[in-house]
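Here's the structure we're looking at; comments come further down.
The values are calculated or read from the model by the stated rules, or taken from the named source; none is laboratory data. None of the values given here were measured: they were computed from a predicted structure. Here the Cβ is made from the backbone with ideal geometry for all residues, glycine too, and neighbour counts use every protein chain on show.
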Amino acid sequence: MPDFLTERQAVVDACRDLSARGFLAGTGGNVALRLDERHFAITPSATDYAAMAAQDIAVLRLDTREQIAGTRPASVERGLHAALLAARPDRRASVHTHQPVASAIAVLHERLAWRPGTDLALYGTQVGLVPYRPSGTGLLVKALVRSLRPDLHAFLLASHGVICAAPSLADAAAMVAEVEASAAAHLRAAIAARPGLDAGLRELVLTCLDAIRAEEARS
């Protein structure tokens, strides 16, 4: 079997890009990439993205999730990515994040509409919602599988974060950014629709959203 080092390095590069843009932090979140019909690569567990090397990226069998390469154990969310990639053979990459604004929406256990102008053919009709189940468990995997639909490519994981599937790592990163922008637009609209909201709270939330948008623009 080939070592897939080029593809594994691409996963590392994607992680560092997402981390620099504020979508991944420390060791949180994970990225996976389909390698062929039977294998996928995924980030290792509890490994800082700045120190990660291609050899650290785990290679697993898609059907059994058995790890067959990689210097570190695969992410605890390997089942989540394996289930998503197995169900969506048209998608090569999957990304799970704890990005700040979308994760705040996930706490509300609500589906998220894309902001106006989003390419629905590329990103799906909306951002789906996976009911809360404990992280890294088979219960969460089953909840995701039950939530899958052909017209949904990105999901909020209730009280947890975001997961999306895309044709490539670059497309997945773009989808993550679009989820965050749509979440910010949703919060701004919700604030505007509540004129009686405490002024201090309104100012705090809008200031945070402005700061996050400015940081994304700089990255």
**Asked** For residue 134, all conditions in the list (1) loosely packed, with under 14 Cβ neighbours inside 10 Å; (2) in a loop (DSSP other than H, G, I, E, B); (3) at pLDDT below 95 hold save one; what is the number of the exception?
**Response** (3)
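Listed residues 117, 128, 124; which is among the small types (Gly, Ala, Ser), within 18 Å of residue 176 (Cα to Cα) and in contact with an Asp or Glu (Cβ under 6 Å, 6 or more places away or on another chain)? Working first, answer last.
Values: 117 fails: in contact with an Asp or Glu (Cβ under 6 Å, 6 or more places away or on another chain); 128 fails: in contact with an Asp or Glu (Cβ under 6 Å, 6 or more places away or on another chain).
Going through 117, 128, 124 in turn, just one is among the small types (Gly, Ala, Ser), within 18 Å of residue 176 (Cα to Cα) and in contact with an Asp or Glu (Cβ under 6 Å, 6 or more places away or on another chain): 124.
Where in the stretch 1-120 are the helices (runs of 4 or more DSSP H), entirely inside, with at least 3 residues that are on the phi < 0 side of the Ramachandran plot and more than 15 Å from the chain's Cα centre (by Cα)? Break it down into steps so the answer makes sense when it comes.
Details: elements: 5-20, 78-87, 100-107.
Result: 5-20.
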**Message:** I'd like to know if the stretch 156-173 contains one or more residues that are more than 28 Å from residue 6 (Cα to Cα) and assigned to a helix (DSSP H, G or I).
**Reply:** no
**Request:** Determine whether the stretch 77-84 contains at least one residue that is of a type outside the set (Ser, Thr, Tyr) and surrounded by fewer than 18 Cβ atoms within 10 Å (Cβ to Cβ).
**Result:** no
**Message:** Residue pairs, Cβ under 8 Å, 6 or more apart or interchain, first in the stretch 180-209 and assigned to a loop (DSSP other than H, G, I, E, B), second modelled with pLDDT of 70 or more and surrounded by 11 or more Cβ atoms within 10 Å (Cβ to Cβ). List them.
**Reply:** 197/191
**Message:** Scan the stretch 44-56 and tell me whether some residue there is under 30 Å from residue 149 (Cβ atoms), touching a strand residue (DSSP E or B) at 6+ places or on another chain (Cβ under 8 Å) and among the hydrophobic types (A, V, I, L, M, F, W, C).
**Reply:** no
**Prompt:** Of the residues that sit in the stretch 11-31 and are surrounded by 24 or more Cβ atoms within 10 Å (Cβ to Cβ), within 17 Å of residue 157 (Cα to Cα) and not β-branched (Val, Ile, Thr), which one is modelled with the lowest pLDDT?
**Reply:** 24
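Return yes or no: is residue 117 modelled with pLDDT under 95 and closer than 17 Å to residue 79 by Cβ?
Values: modelled with pLDDT under 95: yes; closer than 17 Å to residue 79 by Cβ: no.
Criteria not met by residue 117.
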**Asked** Taking the stated definitions as given, is residue 201 over 28 Å from residue 12 (Cα atoms), modelled with pLDDT under 95 and surrounded by 13 or more Cβ atoms within 10 Å (Cβ to Cβ)?
**Response** no
